[in-house]
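Quick note: the coordinates plus some simple rules give every number you see, no bench work behind them. Owing to the predicted nature of the structure, the values given are computational and were not obtained by experimental measurement. Positions of Cβ are generated from backbone atoms using ideal geometry, with glycine treated the same way; all protein chains shown enter the neighbour counts.
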Amino acid sequence: MPSIEPFRFLHTGDLHLDSPFQGVSAEAPASLLDVLRAATTDAWRNVVRLAIEERVDFAVVAGDVFEGRSPTLLGQTRFRDGLAELAAAGIPSVVVHGNHDPLDGRSWAPSLVFPDACRRLGARGVESQAIVRGGREIARVYGRSYDRPAVTENLVAGFHRDPDVPFAVGLLHANVGDRPGHGNYAPCSIEDLGAAGMDYWALGHIHRPGVISVDPLAIYCGIPQGRDPGETGPRGCYLVDVAADGRPAARFVACDVVRWQHLEIVIDQLTDDDQLQRRSLAALAEATEAADGRALVARVHLIGRGGLHASLRRPGYTDDLRALLNEQLPAAPLAWVESIRNETRPAVDLAARRGAPDFIGDFLGTADAARRAERSTDPDEHARWAEVLRGAVAPLFDGSPRGRRFLHDARPSDSALSGALLDAAQALALDSLLGAEEER
């Protein structure tokens, strides 16, 4: 293997520059809406600024630069301008396309001239780009773009390291290991990545950043800017340092301008509305500080058991609480409560009520039996309870549009029926049964 000259590069992708934000209503403060509209392009600017400040030797972009196959002029211009800034700083870039911006679309308008220092890799096969510093090749980037939105073949099979390459980077938009919740595009395995001989895999498609393999080092850079309440926590890109021994070391750097956060407030020890407001404001203040000057959009989950559960069930209570919290949040840094979800449970000693000689005791015993059936090694018991549970929810799918929407149009698995869905059903039933007890 040729000798290694230490160098540094930046790995980003999934910019989704034309992506609309979801989960924020028009009632949000105008100042927050302004920040959100520009958030994806501002995050891209932060990525570019980081590359320049860190004096990286090159940058790679792992697909889905744009949200759609016909990106806006603004999105394309912002991306081109960022590449031009990199080029002006002496930083070449290599880009591949993903399922959102495949090469059969108009992702690269001919009226926009991209810098010569940017290389877009094609879709007909794996292409490569040598990275040269001081007249000597320090690395080679191998990659392949999508030619259509749904690429279902294993593109990694076409990646092969050349023998004279000092350091090989694989650049691809792919679903490694058939990760659930994401389109299974360019599907492959960790073993496939290892067989290609790359030293580092710069992956795109999965929006949560993270290392998926150590040998070879394979990383999803994630999306630089979360776009909805499902994309919580820090978002950014990776800086990768390659030492003289050829070992890469990566570190994540947050580049987002708006931070989405889910906050859990436990009501168990709270006795009145004022305590709940104070606890919520304290949690919001802590999350705002952790966001390090970024705007914060929070979804509050009220959990636990306690006397406040009855108040929280009153019509309009959580809407009023949300309005009161938003009135008390400081204007800077920006913070806003997007919604409040009441997931609390009634104050009841479940251990004492289980086995009691009454209807509630029988009900809890039946729910527990259903959970045990899911874990049972007796196939007959498992099948019997699964059939009971499926029959119980069938009317929601077969005759209720609202039920189908609530369950996201997907029939739940047996494990889901005896898991979170059964927990929620038990809580609702207990609310009704305990309420009936109090009325007697």
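Among the trypsin sites (Lys or Arg not before Pro) in region 15-83, which ones are in a DSSP loop with at most 16 other Cβ atoms within 10 Å of the Cβ? Mind listing them? Working shown, then result.
Numbers: sites: ARG37, ARG45, ARG49, ARG55, ARG69, ARG78, ARG80; in loops: ARG55, ARG69.
Listed in order of number, the matching sites are ARG55.
Given an 8 Å cut-off on Cα distances and at least 6 residues of separation, report the relative contact order of region 214-310 as a percent. Before the final figure, lay out each step's value.
Numbers: 150 pairs, mean separation 26.8, N = 97.
Over region 214-310, the number comes to 28 percent.
Say we join alpha carbon atoms closer than 10 Å with springs in a Gaussian network model of the chain; which of ASP81, ASP362, ASP273 then has the biggest fluctuation?
Maximum fluctuation in the GNM of the chain, among the listed residues, is at ASP362.
Of SER128, SER189, how do they rank once you tally other Cβ atoms within 10 Å and put the fewest first? Mind showing how you got there, number by number?
Details: SER128 19, SER189 13.
The order, fewest Cβ neighbours first, is SER189, SER128.
Within 10 Å of each candidate Cβ there may be at most 14 other Cβ atoms; applying that plus a DSSP loop requirement, which GluC sites (Glu not before Pro) in region 136-210 survive? Each step should come with its number before you reach the end.
Values: sites: GLU137, GLU153, GLU191; in loops: GLU153.
Qualifying residues, ordered by number: GLU153.
Using a Gaussian network model of the chain with C-alpha springs under 10 Å, which one of ASP147, ASP34, ASP64 is most mobile by mean-square fluctuation?
Among ASP147, ASP34, ASP64, the largest mean-square fluctuation in the Gaussian network model of the chain belongs to ASP34.
Using Cα centres only, tell me the gap between region 241-270 and region 355-375 in whole Å.
Answer, in whole Å: 41.
Under the definition of Cα pairs under 8 Å and six or more residues apart, what whole-number percent is the relative contact order of the chain?
Values: 875 pairs, mean separation 55.1, N = 440.
Here the relative contact order equals 13 percent.
Just the number, please: percent antiparallel of the DSSP beta bridges in region 1-138, rounded to the nearest 5.
Numbers: 2 of 13 bridges.
Percentage antiparallel, nearest 5: 15.
Which residues' amide hydrogens lie under 5 Å from the amide hydrogen of ARG120, considering only partners 5 or more residues apart or on another chain, with H built in the peptide plane?
Here VAL95 satisfy the definition.
Antiparallel DSSP bridges in the chain: what percent, to the nearest 5? Present the calculation step by step, with values, prior to reporting the outcome.
Values: 23 of 65 bridges.
Antiparallel bridges make up about 35 percent of those DSSP assigns within the chain.
Return, ordered by residue number, the residues of region 324-355 whose backbone nitrogen is under 12 Å from a label point located 7 Å along Cα→Cβ of ARG208.
none
Report the extension gain between VAL132 and ARG8 in nm, rounded to one decimal, defined as 0.36 nm multiplied by the number of residues separating them, less their alpha carbon distance.
On the way: separation 124, 0.36 × 124 = 44.64 nm, distance 1.27 nm.
Using 0.36 nm per residue and subtracting the Cα-Cα distance, I get 43.4 nm.
How about region 123-181: which trypsin sites (Lys or Arg not before Pro) there are in a DSSP loop, with at most 10 other Cβ atoms within 10 Å of their Cβ? Please list the in-between numbers first.
Working: sites: ARG124, ARG133, ARG136, ARG140, ARG144, ARG161; in loops: ARG124, ARG144, ARG161.
Taking region 123-181 and a limit of 10 other Cβ atoms within 10 Å, the loop trypsin sites (Lys or Arg not before Pro) found are ARG124.
Using only Cα atoms, tell me the angle between helix 273-290 and the longest principal axis of the chain; keep it within 0 to 90° and round to the nearest 10.
10
Evaluate the charge dipole of the chain about its Cα centre and quote only its size in Debye, nearest 20, assuming +1 on the Cβ of each Lys and Arg and -1 on the Cβ of each Asp and Glu.
Details: 47 positive and 62 negative charges, 165 e Å.
It works out to roughly 800 debye.
Considering the alpha-carbon set of the chain alone, what are its Rg and its Dmax in angstrom?
Final numbers for Rg and Dmax: 26.2, 88 Å.
Starting with the fewest neighbours, write out VAL113, VAL65 ranked by other beta-carbon atoms found within 10 Å of each beta-carbon. All intermediate terms of the calculation are to be shown ahead of the outcome.
Values: VAL113 9, VAL65 28.
Placing the least packed residue first, the sequence is VAL113, VAL65.
Of GLY306, LEU112, ASN342, which is farthest towards the positive pole of the chain's charge dipole, taken about the Cα centre with +1 and -1 on the beta-carbons of Lys, Arg and Asp, Glu respectively?
LEU112
With 10 Å bins from zero, work out the P(r) of region 258-342 over every alpha carbon pair and list the percent per bin.
So the P(r) values, bin by bin, are 18, 55, 23, 4.
Kindly provide the helix-only [θ] at 222 nm of the chain, computed as the sum of -39,500 (n - 2.57) over DSSP H runs of four or more divided by all residues, to the nearest 500 deg cm²/dmol? Let's see the in-between values first.
Details: 13 runs with 151 residues, N = 440.
Taken over the chain, the calculation gives -10500 deg cm²/dmol.
Considering all projection directions equally, how large on average is the shadow of the alpha-carbon convex hull of region 1-80, in square nanometres? Working shown, then result.
Values: hull surface 30.5 nm².
Across all orientations, region 1-80 yields a mean hull projection of 7.6 nm².
Can I get the semi-axes of region 7-254's equivalent ellipsoid? Compute them from the C-alpha gyration tensor as square roots of 5 times the eigenvalues, in angstrom, largest first.
With the √(5λ) rule applied to region 7-254, the semi-axes are 27, 20, 18 Å.
Fewest Cβ neighbours within 10 Å first, please rank GLU387, GLU54 accordingly. Working shown, then result.
Numbers: GLU387 11, GLU54 14.
Going from least to most buried by this count: GLU387, GLU54.
Strictly greater than 21 Å: what percent of every Cα pair in region 142-208 meets that? Present the calculation step by step, with values, prior to reporting the outcome.
Details: 446 of 2211 pairs.
The proportion of pairs with Cα distances above 21 Å equals 20 percent.
With the calculation restricted to Cα positions, what are the radius of gyration and Dmax of region 46-163 in angstrom?
14.6, 42
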